[in-house]
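Single-structure report; data block below.
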Amino acid sequence: MKRKKFIQSAVSVFSAAAMPHVSLLPAVSSEIKLYSSPPFLKKNDIIGITSPAGYISVEEIQPAVKKIGSWGFKIRIGDTIGKRDFTFGGTDEERVKDFQQMLDDPEIKAIMCARGGYGAV
């Protein structure tokens, strides 16, 4: 068998095997909402800023605070902003606590992460 024809045949077989059959899929009602979107932010809504990963100083975050404030939002800076534990914005416990407090606060309508990446894991 020629290589080109073999590759085409193999791709067809593997593609067909990987595709689920329609009869095996559960029926989805049009009434089931698969996801929900949060409401749009309005003027004077509070946006929390936390650092669940890397360290950032209070001074470094001020340009972002001013910019977001100029858009009509209020800012609540989290406890991890300005804290340092090696390269992280506080200890694991401090970062988790700060993020969870923002999630639990009904006044905070959005959460922004000042630094993210490796340390968030």
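Approximating the spin labels as points 7 Å out from Cα along Cα→Cβ, the Glu93-to-Val58 distance works out to 2.3 nm.
Surface composition of the stretch 65-105: carbon plus sulfur atoms contribute 55% of the solvent-accessible area (1.4 Å probe, protein chains only, all chains present). Remark: the Cα gyration tensor places the stretch 31-93 in the oblate category, a/c being 1.5 or greater and a/b not exceeding b/c. Excluding same-chain neighbours fewer than eight residues apart, the aspartates and glutamates reachable from Lys42 by a Cα-Cα span under 16 Å are Glu107. Taking amide H as placed 1.01 Å from N in the peptide plane, the amide H of Ile49 sits under 5 Å from that of Arg76, Ile77, Gly78, Met112, each at least 5 places away or on another chain.
The values are calculated or read from the model by the stated rules, or taken from the named source; none is laboratory data. None of the values given here were measured: they were computed from a predicted structure. So basically every Cβ, Gly included, is an ideal-geometry build from the backbone, and we count neighbours across all protein chains shown. With ligands, DNA and RNA removed, areas are computed over all heavy atoms of the protein, side chains included. Shrake-Rupley method; radii C 1.70, N 1.55, O 1.52, S 1.80 Å.
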